[in-house]
1. Taking A:Lys124 as the anchor, which lysines have their alpha carbon closer than 28 Å to its alpha carbon, excluding any fewer than eight residues away along the same chain?
2. How long is the gain from C:Asp159 to C:Lys40 if the chain were fully straight, where each residue apart is worth 0.36 nm and the alpha carbon distance is subtracted?
3. With n ≥ 4 as the cut-off for DSSP H runs, can you work out [θ] at 222 nm for chain B, using -39500 (n - 2.57) per run divided by the number of residues, rounded to the nearest 500?
4. Report the label-to-label distance for B:Leu193 and B:Arg303 in nanometres (one decimal), using points 7 Å from each Cα along the Cα→Cβ vector.
5. Report, in degrees rounded to the nearest 10, the 0 to 90 angle that the Cα long axis of helix A:126-139 makes with the longest principal axis of chain A.
6. Quick one: if the Förster radius is 22 Å, what FRET efficiency do B:Thr372 and B:Leu485 give, using the C-beta to C-beta distance and rounding to 0.05?
7. For the protein assembly as shown, list log₁₀ I(q)/I(0) at each q in 0.10 Å⁻¹, using the Debye formula over Cα point scatterers of equal strength and ignoring solvent, two decimals each.
8. Dipole of region A:107-169, Cα-centred, from +1 at each Lys and Arg C-beta and -1 at each Asp and Glu C-beta, to the nearest 20 debye?
Amino acid sequence: MVMNNRTFQQNSTSSAPSSLHLQDLKLSLRGEQLFTQLSLSVRPGEIVTLMGPSGCGKSSLLAAISGTLEKDFSLEGQVLLDEFNLTNLPPEERHIGMLFQEDLLFPHMSVNENLGFGIPAHVKGKKERTALISQALNDAGLSEFGSRDPATLSGGQRARIAVLRTLLSQPRALLLDEPFSKLDAELRARFRDFVFRHAQANNLPTLLVTHDPDDAQSTGGKIIQMSDF
Amino acid sequence: MMKHFSSNLSVLFSLRTVPVLTLMVFLLPVLAGLLSTILPAFGYLPVIGQVSFSTTAWTELFAHPALPSALFASVSSGIIATFLSLILSLSFVAAWQGTNSFKKVRQLLAPILAIPHSALAIGLAFLIAPSGWITRSISPWATGWDRPPDVAIIHDEWGLSLILGLMIKETPYLLLMILAALDQSQAKQRLKLAKTLGYHPVAAWIKSVLPVIYKQIRLPIYAVLAFSLSVVDIALILGPTTPPTLSVLVLRWFNDPDLSYRTIAAAGALLQLLVVIGIIFIWWITEKIIAGLSKTWLTNGTRSLAETPVRILSKVSLNSIYTLFFGSLLVILLWSFTRRWRYPDFLPSVWSSQSWDRNIHNLMWSSSSTLTIGLISSFIAVILVVACLENEKRRGKSAGAGALWLVYFPLMIPQVSFLFGVQVLTIKAGIDASWLAMIWCHLLFVLPYVFLSLTDPYRQQDDRYIKVALSMGVSPTRAFWRIRLPMLLRPLLFALAIGFAVSVAQYLPTLFVGGGRFSTLTTEAVNLSASGNRRIIAVYALLQALLPLLCFATALALPNVIFRNRRALKGH
Amino acid sequence: MGIKQTFTSAILFIGLALNLATPQSVIAQDQNTASQSWSKIESKAQGQTVYWNAWGGSELINEYIAWVGKRVWEDNQITLKHVKVTDTADVVSRVLAEKTAGKNAEGSVDLVWINGENFASMKKNGLLFGPFSENLPNYHFVDIENKATTTTDFTIPVDGLEAPWGMAKFNFIYDSARVEQTPNSGAEFLTWAKKNPGRFTYPSPPDYLGSTFLKQVLVETVDDPKILRKEVSDETAFNQSTLALWNYLDQLHPVLWRGGRQFPASSSAQQQLLDDGEVDIHLSFNPGAASSLIKSGELAPSVRTFVFDKGTIGNTHFVAIPYNSSSKEAAMVIANFLMSPEAQARKQDPQYWGDDTVLSIAKLSPEDQKVFSKIELGVATLPPQDLGPTLLEPHPSWMERIEKEWLTRYGQ
């Protein structure tokens, strides 16, 4: 597998990089408390890791930040991007990118269409949008895969396209929900590197959730145990 | 921002009201219909001068000489047909899941479901009658019968041919429901696990899979039970005649020129409703008892369960059912091109296309109204169901969604018991014999089946696709149209086809609400079956079967064309 | 809106919609429409649409009705729509439903093909428009003198509420290749059946042909046929008058097809049995039917018909107009056209239908008489002089009682 070292950079004009702040988050599921008083800040380009066993509410925390929490949860506290309060905004107005264990590429779209779907509407003109897509593919060493069916690509290729798709949507923060856990050891290290490099190059405050110490170590950043909350 | 917010609010608000709206649309006419059946049953029918409440109708009903045997015929054939269909479909899946014959059976389910009951029954009647195709194929050379044997095969007093006709339709339906339930219960893993513990296939399936999926197929089983207990068209063609089943008897009373029979008919319709409720209740109790009794058996460690007999029996029975089905279709096709075909000729002696030629004009007209009513009503049903399910997805299981099982109501109660009331209601509203009333009435029966077939795929769809889309800044509406619906295209089209097939098969609703001004292929087919002319009946029955088949074929083929370059969405 | 409130309002709405508390007013029959001058009726009829509810079970008849539609469009610019029905009782139901709902105008039925019990029922419940038929110009051709059933429908006076359309006469269709000697009376019929067990049956009542077979036996076996002209008076009289009938059936049933334990559900089912060779004799109400069915390939060319020397049951079928029709004028114009020599002659021709005319040939013009005499009746149709006397239908109450009694005795 070829993975060149160039990095796709989203020349986001819409906003300057900002920090992600979580203030006194308290989450409970049907009256049962998952965590309380969770506060932390992630600077642009910083990668913070949250660790904990399964069922401790890691994924629910990410859902709370992105605004996709199920109805049976109740949340107190605030989610901020710099001073801008996101807490009461619907997910589509938060611009917080998410990556899951599975790549979740839309099976009915080609690679190009998947990437194009993520580009914000304010990027006008077919030419400009296509240019963005091919630049992203190019930088990731996937330039000949644009018209392919995602189902025909390898797991590693799909994972990278999922990252590009998220970046093209010009997020202001990035949430990673164990995105490496399904990859085999060799691929895993390289893909991890790919993700972190892009997150830093795009100056995104990034929050990684994992139960794998190896993943946590590789970020070189802060590691927080969920059990502390 | 503000504008955005308020438009979102209105979408949510309207989406939120959909379940309530859907229930209103459905329960209203059914309840109104029931009410106008209950009142006459207790003697209140002002139009024929009866305005005082009494129980005369009930006394007369129970004193009616035909009632005991009609009731017995209905109940026995309904229960036996449901029971056998269930046992057969369960044992076939248990014995053959994962094999090639299983795959073949699965592929042929859709065409069988597409064929309307009456078309199938007409073909079957000719296949198995004493003068039918099976006898002709061996007479007189092998049997010496130069005249057909004088034995009752169809319309037999035990209702056996009625049971057979019901089984041919119900077994594939239950198979489909079992398959749908399997797809979402990790059946394969359970089965593998049980097999590694040394269980043989049938025992493994019955012990490790059945207890899990049974609650998912329970509602379809009740629907089959209710249908078999109150079926009219198949009972007319195959069922006992002297006396007929209760459903036919009630319909006959409703149609009696002596209008005072109306009150008895109403009481009979209510009795039928009570019978259906009662039998479903008994079935439910039996389920509980069997579940209780089987608790120790499930864990007693026995690892095989009549494996070979079940394998052989289930395959032979299912193959016979499929053979009878395709034999019925073939024989209808032959009749439609027949001029003379007398016993004991194996094939028609004089062929002709006269039946097609003479009916072509009429066929075009009834086909187009069949298409219009069927497509519009199933389309509306799909929209309503999708709106209800989307509402459920966005808001969690709210009160409205929880009550949605009520849409099965029209399936559980006998059609005659509320159609007269529905007819009165549409006349009151000034929409009788209109397209609106027609489509509305078809919706009552189309919607439950659409709901049944769409619910599972919809609820199972991985919501993270939508979350990913939202996190990219895409609005819920856009995510719904661009991600949710395209990914569900296959089940959506399949639900549409099911709805269409259900609409095509509706006879009584078309008759009652259409004011006789709507002729669909089914009403024409039943009308012409009064002529006893098999040639013309065959033409209509074929077309009646052809339209839903085309619809199913399209529903299966279209996603393959649209997604020809999308491996993940290709059909199996 | 909560589910509970919705439910409450739904119940309220249903109550309102059904208007259950309001008793239906009886509709006065519209005398004015019927007594207008004919030219006025014809001019009003122009451009109207008539929904004619008529049995749709025969291709030939459907084609005949389509021809009527073409002719009334040419003559009067009336649009005729044939609403095909399986059972005329459905139409009675529909008009009843409309009356229940208070829809006293713009009803869905404008003309209905009817007779007997259905007519009695609609007449009794005030569902018919009229009297109108005697005012129709072609009515004076009708043979009311010799064809008593044109004025009395199953003993119920027609009273101008329906216009005669065709004559029906009970007869037997048999396969001449299999039956050598046809019976000549009910008694002979029983002898034949005993000699040929399993080769005859009749459709179970209330099928009209099955019922007519019972009536035929009743009329032949009853001591005093006059008693049948009136409503059944009491239980003893009924039991006495029908004793011979039950006696006859008790002897007949064991030698019927399927040993008399099963009966065909309809006359059409029995027609199929004849063609499948399961039985040798079938029943019919139309002397020309057998010829038409041979022509269309539905019956074997060897099929013929027979009647009894002392006569068989006969009746007339009619068209009537429901009280709430919105095209009464056009419906009357069509009823009049149906009684015209042109329409009646075509109807008598087995090529088109083969149904006996209600008209008196003697009352027609010489040209019209010639048209009738030229009609070829077909191989299986008995000429009028061989059809034997017509026996009158009993009062409907007799059939009602007999059907019930039949069910008790044989229907289980």
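1. B:Lys3, B:Lys467
2. Extending this stretch completely gives an extra 40.5 nm.
3. Calculated mean residue ellipticity at 222 nm is -24000 deg cm²/dmol.
4. Simple spin-label model gives 1.8 nm for this pair.
5. 80 degrees
6. Using R0 = 22 Å, I get an efficiency of 0.40.
7. -1.31
8. Details: 8 positive and 5 negative charges, 31 e Å.
So the dipole magnitude of region A:107-169 works out to roughly 140 debye.
Read-outs throughout are calculated quantities, based only on the coordinates presented, and are distinct from any laboratory measurement. All values derive from a computational prediction rather than experimental measurement. For neighbour counting, all protein chains shown are included, and Cβ atoms are generated from backbone atoms with ideal geometry for every residue, glycine included.
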